[in-house]
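Take a look at the structure below.
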Amino acid sequence: MKTIADLRAQMIAAQKLTGQSSLDRRAPAPKAVPALLDAKSAISRFIAENGESADAYRLLSMAQECLLNYAGARSSFEKALSLSNQRHPKNLKHLALLREYEGKWNELPLTPDELLHLGAHLTSALATHACDHTPKHTKAWLAQCSPGQQDQKLKALRHWGGYCDCEVLSNAVQSAA
Ligand SMILES: [Zn+2]
């Protein structure tokens, strides 16, 4: 049986693989995703077996945040706060940031899942041919895998610093490196 301390250690190890800083809207590095999903299911299992606890919901929120599920992260964090009865300004600030990012994601035309797939596609495309500093692979992927709103999606990627394929990979979706 895993303890909260085991789960925390597992979650921190998974977070280290992501290459994300806190409240970073980049997709986690692909190598981090299996570790994050493992940590998330271990935490959910812990809650199912041991009942609800503020510590467990905090960890769940952290896993969801790393996976860019801000709606889930916000709801788990609220649950943690209500279970602990803690109203530290630091916690409220974090909750406000989660809400802000949840709102921003709602406006963005690409889902976190699509960003992960785009990242994997660009990683393999750029492994064989260096970037020619156009977003041609990004455009091709969008046309094939995420039809509709092409201009808005490219605009969103540019907004994150993704003007060409290599920049989309390093600035918008996070490289596998
Ligand atoms: Zn480039």
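Which one of these is crowded, with 17+ Cβ neighbours inside 10 Å and touching a residue at least 24 places away in the same chain (Cβ under 8 Å): Leu83, Leu118?
Among Leu83, Leu118, only Leu118 is crowded, with 17+ Cβ neighbours inside 10 Å and touching a residue at least 24 places away in the same chain (Cβ under 8 Å).
Mind checking whether some residue in the range 96-117 is within 12 Å of the ligand (Cβ to nearest atom), farther than 30 Å from Asp55 by Cα and in a loop (DSSP other than H, G, I, E, B)?
no
One line per residue, one yes/no per condition, for (1) closer than 21 Å to Ser21 by Cα; (2) among the hydroxyl-bearing types (Ser, Thr, Tyr); (3) within 16 Å of the ligand (Cβ to nearest atom); (4) assigned by TED's automatic domain parsing to the domain that holds Ala63:
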residue: Lys79; (1), (2), (3), (4): no, no, no, yes
residue: Arg87; (1), (2), (3), (4): no, no, no, yes
residue: Lys90; (1), (2), (3), (4): yes, no, no, yes
residue: Ala130; (1), (2), (3), (4): no, no, yes, no
residue: His133; (1), (2), (3), (4): no, no, yes, no
residue: Ala140; (1), (2), (3), (4): no, no, yes, no
residue: Gln144; (1), (2), (3), (4): no, no, no, no
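Any idea which residue in the range 11-35 is farthest from Glu167 (Cα to Cα), counting only those that are surrounded by 20 or more Cβ atoms within 10 Å (Cβ to Cβ) and at pLDDT 85 or above?
Result: Met11.
Return the residues of the range 152-170 that are part of a helix (DSSP H, G or I) and within 8 Å of the ligand (Cβ to nearest atom); say none if nothing qualifies.
Once the filter is applied, which keeps residues that are part of a helix (DSSP H, G or I) and within 8 Å of the ligand (Cβ to nearest atom), the range 152-170 yields Asp165, Cys166, Glu167.
Test each condition in (1) part of a helix (DSSP H, G or I); (2) surrounded by fewer than 18 Cβ atoms within 10 Å (Cβ to Cβ); (3) of a type in the set (D, E, K, R); (4) at pLDDT below 95 for Glu52 and report the one that comes out false.
(1)
The values are calculated or read from the model by the stated rules, or taken from the named source; none is laboratory data. No experiment lies behind these values; they were computed from the predicted model shown. Here Cβ is always computed from backbone atoms with ideal geometry, including for glycine, and neighbour counts include all displayed protein chains.
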